[in-house]
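Working notes for the structure below.
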Amino acid sequence: MAARNACVAVEADHPVMSYLCSTCYAINKKARNILEVPKYREETNKVLAKIGRQYDDRVASAIEHSHTMEVLWSAHESIPALITRRLDGIKVATHPACHYCKVFPDEVVGDAENFMIPEDLLEATGVIKTGLWNEKTTHCGAGFRQRFVNPSIAMAVTREKLRRLAQERVDVCVHMCPNCAIQFDRHHSIIEESSHEQYPFVHLHVQQLLALALGADPDKDCGLGSHSQDVEPLLERIGVRHAAGVR
């Protein structure tokens, strides 16, 4: 499938495959490396031949696999001129995506051990950056099947990250992986209730927070209505609801 998709992208003259999901990013890069082995490329091409495609050197040399964060970062110098909504005083912390930072650490943009691109991307909006914090590189707890197979362990890991973030007094934890974002957003309040603790911050995908700063509508453009957490206090604080005339 990875080889087939690469063929389609190159044929369409759109050779850069961009992934919002860090696991998709890692899997396709893994497939890229596997397809460099003649034996596996030959076996793959036998299957692709049934649909009239071939993963050859032309495709292999043209295809590029990039996380969406990397694509945004490549244009970060243009962001200051596009900001219509300041985020002054909002403290943000990055939750790095494991499958971006840990699978191909040598290909990460920036520091894989203290990944800062999400915060650096938002810096022009006026946010306060957290930088390195205890447990920053710890897993989100989801692990795909882990939240179902070992829920107590999964929630314990998530809780530890929430506690550490609360100690940093952040306003927003920004995510670069949809699975991580779901794990935190869906279970934040549940863990608060079960642990009798308070974690007074919200979770947003970094693209959502950046889009808000660029003037995007929180509901139509950013999908904030799908969140389990109440993000209205944050929206009011940064003037989104006031600007739209909604209270």
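Bear in mind these aren't lab numbers, they're just calculated from the coordinates by the rules spelled out. The structure displayed is predicted, hence computed values, not measured ones. Don't worry about glycine lacking a Cβ; one is built from the backbone with ideal geometry, like all the others, and counts go over all protein chains shown.
If one takes the longest principal axis of the Cα atoms in the chain, at what angle in degrees, from 0 to 90 and to the nearest 10, does the Cα axis of helix 38-48 lie?
Computed tilt is about 90 degrees.
Can you pull out the trypsin sites (Lys or Arg not before Pro) in the range 130-187 whose DSSP state is coil and whose Cβ has at most 14 other Cβ atoms within 10 Å? If you can, show how the numbers build up before the last one.
Details: sites: LYS136, ARG145, ARG147, ARG159, LYS161, ARG163, ARG164, ARG169, ARG186; in loops: LYS136, ARG145, ARG169.
Filter output for the range 130-187: ARG145, ARG169.
Using the Kirkwood radius over Cα pairs, work out the Stokes-Einstein diffusion coefficient for the range 111-160 at 37 °C and 0.692 mPa s, in µm²/s as a whole number.
Stokes-Einstein gives a translational diffusion coefficient of 259 µm²/s.
Please go through the residue pairs LYS39/LYS102; LYS129/LYS161; LYS46/LYS102; LYS102/LYS161; LYS29/LYS220; LYS29/LYS91 and name each one whose alpha carbons sit more than 24 Å apart in this structure.
Listed pairs above 24 Å: LYS39/LYS102; LYS46/LYS102; LYS29/LYS220; LYS29/LYS91.
In debye to the nearest 20, how big a dipole does the range 2-69 give about its Cα centre with +1 on each Lys and Arg Cβ and -1 on each Asp and Glu Cβ?
Details: 10 positive and 8 negative charges, 54 e Å.
My answer is approximately 260 debye.
Please find the FRET efficiency linking VAL47 to ASP13, where r is the Cβ-Cβ separation and R0 is fixed at 25 Å, and quote it to the nearest 0.05.
After rounding, the FRET efficiency stands at 0.55.
What Kirkwood Rh does the chain have if only Cα atoms enter the pairwise 1/r average? Answer in Å.
19.6
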